[in-house]
Amino acid sequence: MFPSLGHQLVALTLCTGEVLVRAIRIRLLVPTSGLSLWRAVTVNAYGDAASAATPGRLGGEPARFLGFRRAAVPAPEALAGLAVESMIDWMLLGLATVVLSLALAGTAAEGARRLVVLATSPNARMLVALVLGLIVLCAVVAWRYHRRAPTAASMTLALAWRRARALGWRPVALAAGLTTLSMAARTAILPVLVAGLPGIAPGAVVLGSFALLFGQLALPTPAGAGGVELAFIGGFAGMVGSGDLAALLLAWRIYTLILGAALGAVLFARVSIASWATRRRYSAKSSVNVRSQL
């Protein structure tokens, strides 16, 4: 059965709060742009949608850069903000991985063993083969993209990083605190959804949620598709029935992926349609003016 309404409301609150926290963070990192909170939400939503739809999250940062440019944020400042944000993300992600691995080493080992048993079972071999094939295909696409990426982009990022150093320690420290809050909120969604289910250890759920969310960053498939689902099934196998497991996976994907990606797609489509309509009206007006002059 689907998680209860109360649990879903808490998960939705965590999802909404995480979106707002990331918006506040990016405003801190582009301080002179005058970026509004809603525009910051829009910029991040563009990135969420593009990251979810492209191999290796290749479209995420270009989509956010496009959002910055639509908001009239200067390119160097936008790139500087993205560079500092990425540094903070990876540093805190590495720290959190070490802390959780040390604190829950036994749980991590047991989870890995369960996943290996599932992956090597006769019923899962075909699924594992398909997942591996998808991962290889997406890895090739990502490799070809990076190979063809212009070197001027990295030069611009280097310049942006030098500009980012002028931010000072206070905005960076505040951004790091907000990043920690964002990671905690996203990680808490799965424990909230499974709260009350018998036979599930809280520590294992927290560790599994963290691994599922941030482990997909290392997978080249869009949103870690295939690998994440396989790990999710392996983590809950034998604890939750197949129907309940599918409902739980769907609910978790909705609050950690689908809502953010859908928001970005809707906002992008809305702005694109408005721009197209404006150009169409301008073109029609220009045609009328030309005919009147003739």
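The values are calculated or read from the model by the stated rules, or taken from the named source; none is laboratory data. As the structure is a prediction and not an experimental result, all values here were calculated from the model. Ideal geometry is used to build each Cβ from the backbone, glycine not excepted, and the neighbour counts take in all protein chains shown. Quick note on the areas: whole protein, heavy atoms, side chains included, nothing else; ligands and nucleic acids left out. Shrake-Rupley method; radii C 1.70, N 1.55, O 1.52, S 1.80 Å.
Let's see how each residue does on (1) surrounded by fewer than 19 Cβ atoms within 10 Å (Cβ to Cβ); (2) more than 20 Å from the chain's Cα centre (by Cα); (3) touching a residue at least 24 places away in the same chain (Cβ under 8 Å):
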residue	(1), (2), (3)
L9	yes, yes, no
G17	yes, no, yes
L20	yes, no, no
D48	no, no, yes
D89	yes, no, yes
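If you check V116, V84, V98 for being crowded, with 19+ Cβ neighbours inside 10 Å, part of a helix (DSSP H, G or I) and of a type in the set (A, V, I, L, M), only one passes: V84. Is there a residue being surrounded by 20 or more Cβ atoms within 10 Å (Cβ to Cβ), more than 21 Å from G177 (Cα to Cα), under 15 Å from the mean Cα position of the chain (by Cα) and touching a residue at least 24 places away in the same chain (Cβ under 8 Å) anywhere in the stretch 35-43? Checked the stretch 35-43: at least one residue is surrounded by 20 or more Cβ atoms within 10 Å (Cβ to Cβ), more than 21 Å from G177 (Cα to Cα), under 15 Å from the mean Cα position of the chain (by Cα) and touching a residue at least 24 places away in the same chain (Cβ under 8 Å). Suppose the filter is crowded, with 21+ Cβ neighbours inside 10 Å, in contact (Cβ under 8 Å) with a residue 60 or more places away in the chain, over 15 Å from L267 (Cα atoms) and not β-branched (V, I, T); does E77 pass it? Criteria not met by E77.
With the condition kept exactly as written, say whether any residue in the stretch 271-289 is open to solvent by less than 40 Å² (accessible area, probe 1.4 Å) and touching a residue at least 12 places away in the same chain (Cβ under 8 Å). No, that holds for no residue. There is at least one residue in the stretch 200-219 that is crowded, with 21+ Cβ neighbours inside 10 Å and outside any helix (DSSP H, G or I). Output the residues belonging to the stretch 272-294 that are aliphatic (A, V, I, L, M) and at pLDDT below 60. Result: V288, V290, L294.
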